Amino acid sequence: MTTGQKIAARRKELELSQEALGDKLGVSRQTVYKWESEVSHS
């Protein structure tokens, strides 16, 4: 299981949307999406 998959699975266990998780962590929904998709901005 990749890190992105772990983040997505835990977020779903907590019944949080990407936006809600981003709010809790102080990042945007798009950032959470990138983490879960493992999209790099390099």
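Going by how many other Cβ atoms sit within 10 Å of their own, how do GLU15, GLU36 line up, fewest first?
Working: GLU15 7, GLU36 19.
The order, fewest Cβ neighbours first, is GLU15, GLU36.
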Distance in nm between label sites at LEU25 and SER37, each 7 Å beyond Cα in the beta-carbon direction?
1.5 nm
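Rule-based calculations on the coordinates, nothing more; no lab input. All figures in this text were calculated on a predicted structure; none of them were measured in a lab. When we count neighbours, we look across all protein chains shown, and the Cβ atoms used for this are built from the backbone with ideal geometry, even at glycine.
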